[in-house]
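Down below is the structure, laid out as structure tokens.
The values are calculated or read from the model by the stated rules, or taken from the named source; none is laboratory data. This one's a predicted model, so the numbers in the text were calculated from it and none came from an experiment. Methodologically, a virtual Cβ is constructed for each residue, glycine included, from the backbone with ideal geometry; neighbour enumeration extends over all protein chains shown.
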Amino acid sequence: MPVSPAPSRSVPVSRVRSFLVGSLFVAAVLAVMTVIGLKSDSTNRLAAGSSAAPKAEEPRTAPVRPEQDREGVLRFPEEGWTGAGIELGEVVQEPLRDVARVTGKVTLNEDRVAHISPLVAGRVEKVHVPLGQHVRAGDVLVTVESPEIGNAKLGLYRNRLLNQFARVKDEWTQDVSRNTHELVESLRGNPSMDDLSSGFREKKLGKNREQLIAAYTNLRKARVDRDRLETLSQQGITPGKELIAAKAVHDAELASFQAILETIDQEEHYNALLSTHARQEAETRVAVDEASLKLLGFQQSDLDSVDPVKEGKDLSRYQIVAPFDGTIIAKDVALLERVTPEHEVMTVADLSTVWIKVDVFEQHLALLSALEGGAIEITAAAWPGETFQARVFHTGEIVDEASRTIGMRAMADNRDGRLKPGMFVEVALPGTSNMASAVVPASALLEHQGKSLVFVHLGGDRFDVREVRLGRGQGDRREVVAGLKEGDKVVVKGGFALKSRMLADLLSGD
């Protein structure tokens, strides 16, 4: 009679896999602890051997293995703490401020960025700096050859020559006008010819000298003739009609002389005014030309040396310079390219400071009222473990209807260049609450299956695995809302060794 085979008992693959993983993990932990025990035993043997005779080798004992006391409680021998790096700390009550953590973005300091374009049309003769170059205020960025600049400098040179001529002419005219007026006043006092000659021989009078002296001489001659005939007529020597004729000539010469005095004096005063106006007009044309070129970036020292003969082709060169210290963050210009005022050739930004832009949601608006002018802390994924400071200079007044946020702006020092515009950062908005809470270092917290755990020391080699509920955080400290109380002693370093033991027990229990 055939014997039927006994039915085979199948073991689930997942069960086998779990068993193998658990066995391997436990074996690894035991191996590490065995090495620690052997190392400690060897050290003790060497120390003993230096002071006593060697003894017969005693049989080795396996290192003490942490044992589970009850569910949730682990045993870990104190002699293994140092090797595992276990350190204890006490739960304390400390004041913590409410902190809202929001996402922000690093942007350029909009007050220190310049989009540079030429102020005149021309052809690029030379590009002096590459993209990314750090520049100083006044450094030449681009040289442009511009006919407009050349014509402006030629106009300045021509108007300067005209101004020099107007100034010399005005000086002459003013001297003549002043001296003529002085001569007119002197002639009205009936001076002698010797006094006139000595007083006005070296003074500038122009054509007025001849006219005034001739008119005065004619008047003096007519006066002498009249006086002579008047004397002779009184003596009966000369007929009366000759005296009458002499008086008529004298009166005519006197009238002519006075008319000449008034006319010349008035004309010279008018000429002086015209000359002053012409000089001022010439000076104004020069000033306008200089101001126009200064608006294009030229300095007075550049304009003082304008000379078409000496400069030649260089007269039409126009240099675009950096307005302040910064970095070339954009460049759109090539050699021999024609550029116009509408062409943005470069962008210079001062990256020593940057803005932090944050869109704050409505539920955090209460925090903004206390932040104006205050400091905030910033962290960036690119620089783990480091905190940057920024000072708030603007909190918006209007809530965006689409995003329901309000804009906040802060300025951060960036002289080391680590905060890059466009980088996302986490911004901590401090609140106003300072209530004391149970606080532990962040290093005391361990994660397991989405839960926060700490190991509480129960005394001796016993530790309690305790789930905690966390609250606020500040720096490297975290608030514990539930699960711990003030005075509890917890593992602040080396908790991974205890967690490894806990996981090994969980795996072996499966």
So the check is Cβ under 6 Å with 6+ separation or different chains; which pairs have a first residue in segment 450-461 that's farther than 13 Å from residue 487 by Cα and a second one that's of a type in the set (Asp, Glu) and assigned to a strand (DSSP E or B)?
451/467; 453/467
For residue 142, are the conditions met, namely being part of a strand (DSSP E or B), aliphatic (A, V, I, L, M) and surrounded by 17 or more Cβ atoms within 10 Å (Cβ to Cβ)?
yes
Of 324, 257, 298, which residue is among the aromatic types (Phe, Trp, Tyr) and within 30 Å of residue 421 (Cα to Cα)?
324
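Rundown of residues vs (1) of a type in the set (S, T, N, Q); (2) assigned to a helix (DSSP H, G or I), yes/no style:
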{"residue": "266", "(1), (2)": "yes, yes"}
{"residue": "272", "(1), (2)": "no, yes"}
{"residue": "280", "(1), (2)": "yes, yes"}
{"residue": "290", "(1), (2)": "no, yes"}
{"residue": "314", "(1), (2)": "no, yes"}
{"residue": "324", "(1), (2)": "no, no"}
{"residue": "329", "(1), (2)": "no, no"}
Could you tell me whether residue 339 is in contact with a Pro (Cβ under 6 Å, 6 or more places away or on another chain) and in contact (Cβ under 8 Å) with a residue 60 or more places away in the chain?
yes
Top-ranked residue in segment 419-436 [being more than 14 Å from residue 105 (Cβ to Cβ) and surrounded by 13 or more Cβ atoms within 10 Å (Cβ to Cβ); ranked as modelled with the highest pLDDT]
428
Can you name the residue in segment 187-240 that is of a type in the set (Asp, Glu) and either touching a helix residue (DSSP H, G or I) at 6+ places or on another chain (Cβ under 8 Å) or in a helix (DSSP H, G or I) (or both) and, of all such residues, is surrounded by the fewest Cβ atoms within 10 Å (Cβ to Cβ)?
194
